[in-house]
Amino acid sequence: MLSAARRILGAGVIAACALATATPGSAEEDFILATPMPEDHIIHTVASAFMEALPEDSGLKAEYHPGGDLGDWTALFEQVMQGALPMAMTFSASDFDKRLDITLLPYAFDSWGEAETLLGADGELLKVYEEIYAGLGMKLLGIVPVDFYGLAMRKGEERAPVDFPKDGEGIKLRVAPVAIGIELFETFGFSPVPMPYSELYTALQLGTVDGRAYATPVEIWQMRDVLENYILTNDAFEQGVWVVNQDWWDGLAEEERTAILKARDEALKVAWQQAREKSDEVKAQIEEAGIEIVTLDDAEMASARKLARDKVWPWMEERVGSALIDKIRKATAGE
């Protein structure tokens, strides 16, 4: 297996060659669209809808690379930022700008409808994100909705924080290796273990961790044979980002940009409904596989929300500045 560095380098060379063979405004504009996710993921659904919606007479043709064959989500983000890839549907990488951790601000959304209002077309949070991406040399075409997060305990682990977040003490919980993830679950009383996703399955098998956080239903399904239960904490909403390199975008002819934006609108128009349906479908499969799904009651959800907003939001404000967090507070009507 190639090392991560060699995979990224190789992907960059492939993408650079593809860019070199297609000049903006040419009779036919071939461009790479890469994703890190497999074909059962909502990102693939949206990517497929976009490619189908591209008009044949536009001269635009996407060379599609799903499943991370040009690099994982961080590598794809970096390649678009650097101009080695023109377009990707991936996830925000705060390694390149710590402000991007705002996508993990806990309890920014209380429902699918609220998330769609704020992150969908012309959403107030979408506008906040667009400013950040512009500073990184990227244009944000839109947010691809995935699902709300929950946490899960490994198979055979008798402890389960069903009285959330009170039951977290002493539970070693894998979190994404980002500062806000560590801060949130320490605030909730867990013992957070930052760990790359690639190491998670083995860690659950061996008991290196007792459970995992930041889990969407599709990931629970993928790891169903090592999990005992799934607690729907809804602590944050996973958001895919659809980005293009700004220089590449600026080099396209106006009619090409218009065609891409129209196809984008078609793809995202039904994405939220498709994501909701997929969420319900996968949860049903999870229960059929024998994994207990635990829903928090209103009091537990309100307690977790208040604790997170009272403790973690001010902590994040110190990291990224009050101006940015104030915009988010205003957008989410949190304060």
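Tell me which strands (runs of 3 or more DSSP E) are completely within the range 166-254 and hold 1 or more residues being of a type in the set (D, E, K, R), or say none if there are none.
Because the criterion is at least 1 residues that are of a type in the set (D, E, K, R), the strands (runs of 3 or more DSSP E) in the range 166-254 that meet it are 172-175, 211-215, 227-232, 237-245.
Just one of 78, 39 is acidic (Asp, Glu), part of a loop (DSSP other than H, G, I, E, B) and within 26 Å of residue 215 (Cα to Cα); which is it?
39
What about residue 241, is it touching a strand residue (DSSP E or B) at 6+ places or on another chain (Cβ under 7 Å) and not polar (S, T, N, Q)?
yes
Checking residue 219 against (1) in contact (Cβ under 8 Å) with a residue 24 or more places away in the chain; (2) closer than 28 Å to residue 320 by Cβ; (3) buried (at least 22 other Cβ atoms within 10 Å of the Cβ), which single condition isn't satisfied?
Looking at each condition in turn, residue 219 falls short on (1).
Listed residues 225, 247; which is outside the structural domain of residue 121 (by TED's automatic domain parsing) and either over 22 Å from residue 182 (Cα atoms) or surrounded by 15 or more Cβ atoms within 10 Å (Cβ to Cβ) (or both)?
Matching residue, one of 225, 247: 225.
If residue 273 satisfies all but one of (1) part of a helix (DSSP H, G or I); (2) not assigned by TED's automatic domain parsing to the domain that holds residue 92, what's the number of the condition it fails?
Here residue 273 meets the rest and fails (2).
Return the total of residues in the range 129-162 being closer than 30 Å to residue 245 by Cα and outside any loop (DSSP other than H, G, I, E, B).
17
Hey, can you tell me all the residues within the range 197-223 that are under 18 Å from residue 293 (Cβ atoms) and under 16 Å from the mean Cα position of the chain (by Cα)?
Hits for the range 197-223 are 213, 214, 215, 216, 217, 218, 219, 220.
Picking from 62, 88, which residue would you name as being modelled with pLDDT of 95 or more and surrounded by 23 or more Cβ atoms within 10 Å (Cβ to Cβ)?
Sole residue among the options that is modelled with pLDDT of 95 or more and surrounded by 23 or more Cβ atoms within 10 Å (Cβ to Cβ): 88.
Residue 77 - would you say it is modelled with pLDDT of 95 or more, crowded, with 21+ Cβ neighbours inside 10 Å, touching a helix residue (DSSP H, G or I) at 6+ places or on another chain (Cβ under 6 Å) and not acidic (Asp, Glu)?
Taking the combined requirement at face value, the residue does not satisfy it.
So how many residues does the range 258-271 have that are surrounded by fewer than 20 Cβ atoms within 10 Å (Cβ to Cβ) and within 19 Å of residue 111 (Cβ to Cβ)?
1
Within the range 181-191, track down each residue that is over 20 Å from the mean Cα position of the chain (by Cα) and either buried (at least 21 other Cβ atoms within 10 Å of the Cβ) or modelled with pLDDT under 95 (or both).
Scanning the range 181-191 gives 188, 190.
Condition first: modelled with pLDDT of 95 or more, more than 30 Å from residue 79 (Cβ to Cβ) and not small (Gly, Ala, Ser). Now tell me which residues in the range 139-180 satisfy that.
Selection gives 151, 153, 154, 155, 171, 172, 173.
Of all residues in the range 206-244, which are in contact with a Phe, Trp or Tyr (Cβ under 7 Å, 6 or more places away or on another chain) and among the polar types (S, T, N, Q)?
Residues satisfying the conditions are 216, 233, 234.
Just need a number here: residues in the range 91-138 that are buried (at least 17 other Cβ atoms within 10 Å of the Cβ) and among the acidic types (Asp, Glu).
2
Which residue is nearest to the chain's Cα centre (by Cα), if the candidates are limited to the range 49-75 and must be assigned to a helix (DSSP H, G or I) and over 26 Å from residue 100 (Cβ atoms)?
Among residues in the range 49-75 that are assigned to a helix (DSSP H, G or I) and over 26 Å from residue 100 (Cβ atoms), the one nearest to the chain's Cα centre (by Cα) is 51.
Among (1) modelled with pLDDT of 95 or more; (2) in contact with a strand residue (DSSP E or B) (Cβ under 8 Å, 6 or more places away or on another chain); (3) of a type outside the set (Asp, Glu), there is one condition residue 121 misses while meeting the rest; what is its number?
(1)
The values are calculated or read from the model by the stated rules, or taken from the named source; none is laboratory data. The structure presented is a predicted model; accordingly, all values stated were derived computationally and were not measured. Neighbour counts run over all protein chains shown; Cβ positions are idealised from the backbone, glycine included.
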